[in-house]
1. Conditions first: (1) among the small types (Gly, Ala, Ser); (2) part of a loop (DSSP other than H, G, I, E, B); (3) within 20 Å of residue 12 (Cβ to Cβ). Residue 66 passes all but one, so which condition is the exception?
2. If you go through region 51-100, how many residues are of a type in the set (Phe, Trp, Tyr) and either open to solvent by 40 Å² or more (accessible area, probe 1.4 Å) or in contact with a His (Cβ under 7 Å, 6 or more places away or on another chain) (or both)?
3. Has region 27-38 got at least one residue that is modelled with pLDDT under 90, open to solvent by 20 Å² or more (accessible area, probe 1.4 Å) and not in a helix (DSSP H, G or I)?
4. Of all residues in region 114-143, count the ones that are open to solvent by 20 Å² or more (accessible area, probe 1.4 Å), at pLDDT 95 or above and either of a type in the set (Gly, Ala, Ser) or under 18 Å from residue 185 (Cβ atoms) (or both).
5. State all residues of region 144-153 that are within 18 Å of residue 93 (Cα to Cα) and either surrounded by fewer than 18 Cβ atoms within 10 Å (Cβ to Cβ) or not small (Gly, Ala, Ser) (or both); if no residue qualifies, say none.
6. Any residue in region 89-116 that is more than 17 Å from residue 3 (Cβ to Cβ) sitting within a Cβ distance under 6 Å of a residue that is surrounded by 16 or more Cβ atoms within 10 Å (Cβ to Cβ) and modelled with pLDDT of 95 or more? List the pairs, counting only those 6 or more apart or interchain.
7. Exactly one condition in (1) outside any loop (DSSP other than H, G, I, E, B); (2) free of Cβ contacts under 8 Å to residues at least 12 places away in the same chain is false for residue 189; which is it?
Amino acid sequence: LTIAIPTYNNFKQLVDTLLTLTTSVEYPYKIVVINNGDSVDPNGEDFEESLRKWVRYGHLKVINAGENLGWMKAINKAFVEECDTRLFCMMNDDLLFLPYDTIFMRELCSYFRFPEIGAVGPCSNFAFSAQNLWRHGLPRVFVTSVLIGFCMIVRSDLFSEIGGLDEGLSGGDDFDLSTLIRQRGFKLLVDR
């Protein structure tokens, strides 16, 4: 699994995301941070050096974009330059992973053993629609028509075939990707 995390001058939340991910979630994954913002952290230190002091994880790659590429272009850049794994995850830089939920990524990735699954996503207290934790009465795992891109895992070959995210959109890239995945005959799955 390759996890791509774009960030723009959000160092503190990015560190929290990476610390909770790397200390709470076990799975063979590599992380690619695409720095769309300043080349220094809030204290004026080199962004990558400072990040590595906080997050001691051997499979962490930092791409300093040198400009704000935006979300979609940053995700595509990480995929093209760094994804050599079967699965690809796009993730926001402000997620927190629950302590002791070590199988989070392994469980989400396990659904790809079914060839009809194209993408999988979890729930959040901030997402809308069926991926909102506050929506009661839904089954724990279910097929949906749209996955929100705050944390979405997709088959790498499928993401490549689609051509990545449409950088010409001014939003709704996750809706577009969900539609393209379904048009190719794959299902989108939510694991609450």
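1. (3)
2. Final tally of qualifying residues: 4.
3. Quick first cut of region 27-38, residues modelled with pLDDT under 90 only: 27-28.
Right, trim to open to solvent by 20 Å² or more (accessible area, probe 1.4 Å) and you get 27-28.
Now narrow it down to the ones that are not in a helix (DSSP H, G or I): 27-28.
Checked against the condition, which is being modelled with pLDDT under 90, open to solvent by 20 Å² or more (accessible area, probe 1.4 Å) and not in a helix (DSSP H, G or I), region 27-38 yields at least one hit.
4. Adding up the residues that qualify gives 4.
5. At the first step, the residues of region 144-153 found to be within 18 Å of residue 93 (Cα to Cα) are 147-153.
Within region 144-153, 147, 148, 150, 151, 152, 153 meet the criteria.
6. Every condition considered, the pairs that remain are 116/187.
7. So the condition that residue 189 fails would be (2).
To keep it simple, each residue is scored yes or no on (1) within 22 Å of residue 22 (Cβ to Cβ); (2) of a type in the set (Phe, Trp, Tyr).
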position: 79; (1), (2): yes, yes
position: 88; (1), (2): yes, yes
position: 92; (1), (2): yes, no
position: 160; (1), (2): no, no
position: 179; (1), (2): no, no
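The values are calculated or read from the model by the stated rules, or taken from the named source; none is laboratory data. Remember, it's a predicted structure, so these values are computed and weren't measured experimentally. As a convention, Cβ positions derive from the backbone with ideal geometry for all residues, glycine included, and neighbour counts pool all protein chains shown. The area values use the complete protein model at the heavy-atom level, side chains included, leaving out ligands, DNA and RNA. Shrake-Rupley method; radii C 1.70, N 1.55, O 1.52, S 1.80 Å.
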